[in-house]
Every structure is written in structure tokens, then in C-alpha cells.
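The values are calculated or read from the model by the stated rules, or taken from the named source; none is laboratory data. This structure is a prediction, so every number in the text was calculated from the model and none was measured. Quick reminder, even Gly has a Cβ in these numbers, built from the backbone with ideal geometry, and neighbours come from all protein chains shown.
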Amino acid sequence: MRIKKPLTAEEAQKKRNDAIRRKKDPDHKAFVRRIVTVSVSAAAVFAVWMCNYIAPFRTWVPAYRFSARGADELRVHFIDVGQGDATLFEFPEGDSILIDTGDGSFENEDHLLRYLKGVAPKSLSVVLTHTDYDHSGGLSHLLEYYPPDAIYFPAVGDFTCYQTADIPVDYLSRYDVLTGSGGAYAVCLSPYSTEEKTDNDVSVALYLRYQNTSFFLGGDISSVRERLLLREYALDETLFDSGEYTVRLGGVDILKASHHGSSYSSAEEWLSLLSPEIAVISCGADNAYGHPASEAVARLGRHADIYRTDELGDIVISVTAEGYSVMAKEELWIS
Ligand SMILES: [Zn+2]
């Protein structure tokens, strides 16, 4: 057994001096600083994790602010989602259809989400043209953070992995018509049948019309599908006419260049038929696929003025009874 004796005054003073020396020691100071930094960082990470658990960050992203839309104005937004597609039809009464959802990468989805929050459509339907990731990758984020009212898939392929119990789903095939307010409508021209092989050519291709302005958006179709449509047009120029809804391929105003301006799409004969005034190319800067191909850009450029999302960012076309215009950024954005 050891007896602990009280320190003498001299020993107590020595102990105090040692403690003061340790505190002044640079190694000791650095050690304490490290402990404090690690503790604060751990607490911050935990706090962030807790906040995200309670309300995911995606729900916090601020909305973009757009200029007010006219009562009879339709806007078509070619949203810049890098290498991919996301095109929003914003109909006159605020009902909307989003064609494709981008690739789902954080940056692109953040932009798409802020965009949708800014537009704040009265209702939102989503059309997936096909399953390629640059078109469908953002759907799961959308389902989580901006659930649409309905989803449409092409009538070819398996889309069960995208389905949720509470959102109605339907399948698009030839001559199905999606209607918007103000008399706007979009006719599905492809896929042709449910028996087709799943590839880019079974992308949902849409002819959109409002007032006297028409658009063609073909997803990732190639010149093979363009030739099929051309052949039909040669047999009967009235490709589709239900009385209420018509398709006139001979002269569309705005073409969304299929497959991001791939050289295998936008064939010369196809462009001669459509003779668009404007061609929009949705692609990412310096993308790995080399989109758009210089040959396709040259062909498109012989017929139309080209607008590219990799150069201009978001491209918005406004349509009214008077015609259409490509909106300048200052016209579109409040902030
Ligand atoms: Zn694509």
C-alpha cells in the first residue's frame, strides 16, 4: 500500500510550471487544434446528414425566376442538361409535358429541378422517348423530388423499373395524340408497332403544333426512320388527319435535330422535306460521342439557323398566334 502525500509548495509550483510549458509547446498546440478541427468537422457532417435525412437537399434548391408568360403563349424549353435531352412544352394555361429527363447527373438534375420549380407548371406529364440514359437517367430523381402527374413510355421496351404505384402510366404508339391547352397538340409518329426491335429508331417521335407553328422532335431516331416517314409521305402527303388534329411534315418550323446531331440522323432528303427554319441541337460541350457531327451540322446549316445547347445553354422558343420567336435570355429570365 502506498501513501499519497500532499505536494510540497515547491512540487506544486513545479507541476504548474510544467503545465504552462506544455500549453506553450507548439506540438501540443497543434495537437489540440487538430482535435478541435476533427470534432467540429464530425459535428458538421452529422448535422448535414441529419438535415438531409429530415428534408432532402433536392427539395431546397431555389427556383429560377422566369418572365411572365402571355395568356395565349406556348413556350418550348430546350433545357440544357449537358449531353442529353430534356424538352419542356409549356402550354398556354400552364399545363406542361416534359420530353425526357436528362442523364440524372447531380449538376444536370439540379438545373432541371430548379427549372421546373421556376416554371411551376399547373400539371406535368413526362414522356420518355426511349431508355438511353441521357434521356431517362433523371426520371428517378424527378419521381422523388418533382413527381409528375402521368408518365408516357414508347410502346416498345420494358419500363417496369420506372413505374411507381401512385403515378399513372401509359404507352405511346403511332398517331396517339397528346393534347395541351389552347388547342396545342402533339402527335406521336413513331414507334410504329409494339413488335419493333428496341433501338434508337423506336424513340417516341412527336409532331407538335400550336397556332400556325409546328415542331418535329424525333428523340434519337436515325435516317432509317426518317426514310420510312419520307416513303409514307411520298404515298400520301396527308400523313395524319383526324379532322381535329393534322400532321404536315412538308414544312415544319422548328426541328429538334435527332440524336444530338449525329451524322446518322438528319439526312439531306429528310431536311429537304421538313425544310425547317430553325434546328435545335441538344448536346453537351466536348462530349465523348463527338455530337454534333460536323457533316450533320453542315446539312442542317444549309436549311436552318442552328441553335445549340452546348453553346447557348437553355434555348426557349415562344409561340403565339402571331408566330414564333427564339427568346433572348434577357426576355426570359428575371434572375
Ligand atoms: Zn440520346
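Out of ASP110, ASP80, ASP134, ASP103, which single residue is within 16 Å of the ligand (Cβ to nearest atom), out of contact with any strand residue (DSSP E or B) (no Cβ under 7 Å at 6 or more places or on another chain), acidic (Asp, Glu) and part of a helix (DSSP H, G or I)?
Numbers: ASP110 fails: within 16 Å of the ligand (Cβ to nearest atom); ASP80 fails: part of a helix (DSSP H, G or I); ASP103 fails: part of a helix (DSSP H, G or I).
Exactly one of ASP110, ASP80, ASP134, ASP103 is within 16 Å of the ligand (Cβ to nearest atom), out of contact with any strand residue (DSSP E or B) (no Cβ under 7 Å at 6 or more places or on another chain), acidic (Asp, Glu) and part of a helix (DSSP H, G or I), namely ASP134.
Only residues that are surrounded by 13 or more Cβ atoms within 10 Å (Cβ to Cβ), assigned to a helix (DSSP H, G or I) and at pLDDT 95 or above: list them for the stretch 302-335, please. Matches in the stretch 302-335: HIS303, THR309, ASP310, LEU312.
Would you mind stating whether ARG248 is over 20 Å from LEU74 (Cβ atoms), in contact (Cβ under 8 Å) with a residue 12 or more places away in the chain, among the basic types (Lys, Arg) and surrounded by 14 or more Cβ atoms within 10 Å (Cβ to Cβ)? Break it down stepwise before answering.
Details: over 20 Å from LEU74 (Cβ atoms): no; in contact (Cβ under 8 Å) with a residue 12 or more places away in the chain: yes; among the basic types (Lys, Arg): yes; surrounded by 14 or more Cβ atoms within 10 Å (Cβ to Cβ): yes.
Against the criterion (over 20 Å from LEU74 (Cβ atoms), in contact (Cβ under 8 Å) with a residue 12 or more places away in the chain, among the basic types (Lys, Arg) and surrounded by 14 or more Cβ atoms within 10 Å (Cβ to Cβ)), ARG248 does not qualify.
Does TYR233 qualify as being hydroxyl-bearing (Ser, Thr, Tyr), touching a residue at least 24 places away in the same chain (Cβ under 8 Å) and closer than 25 Å to GLU311 by Cα? No: the conditions fail for TYR233. Residues in the stretch 196-215 that are buried (at least 24 other Cβ atoms within 10 Å of the Cβ) and within 14 Å of the ligand (Cβ to nearest atom): ASP201, VAL202, SER203, VAL204, ALA205.
Whether a residue is of a type in the set (Phe, Trp, Tyr) and surrounded by fewer than 20 Cβ atoms within 10 Å (Cβ to Cβ) was assessed, and TYR289 passes this test.
Has the stretch 246-258 got any residue that is in contact with a Phe, Trp or Tyr (Cβ under 8 Å, 6 or more places away or on another chain), away from the ligand (no atom under 16 Å from the Cβ) and of a type in the set (Gly, Ala, Ser)? The answer is yes; a qualifying residue exists.
Starting from residues that are assigned to a loop (DSSP other than H, G, I, E, B) and surrounded by fewer than 17 Cβ atoms within 10 Å (Cβ to Cβ), keep the ones in the stretch 216-244 and report whichever is farthest from the ligand (Cβ to nearest atom).
Residues of the stretch 216-244 that are assigned to a loop (DSSP other than H, G, I, E, B), as a first pass: 218-222, 236-239, 242-244.
From what's left, surrounded by fewer than 17 Cβ atoms within 10 Å (Cβ to Cβ): 236-238, 242-244.
Numbers: ASP236: 30, GLU237: 30, THR238: 31, SER242: 30, GLY243: 34, GLU244: 32 Å.
The qualifying residue farthest from the ligand (Cβ to nearest atom) is GLY243.
Regarding TYR192, is this residue in contact (Cβ under 8 Å) with a residue 40 or more places away in the chain and over 24 Å from VAL61 (Cα atoms)? It would help to see each step written out before you state the result.
Numbers: in contact (Cβ under 8 Å) with a residue 40 or more places away in the chain: no; over 24 Å from VAL61 (Cα atoms): yes.
So TYR192 fails the test.
Checked against (1) in contact with a His (Cβ under 8 Å, 6 or more places away or on another chain); (2) closer than 17 Å to SER203 by Cα, SER272 meets all criteria but (2).
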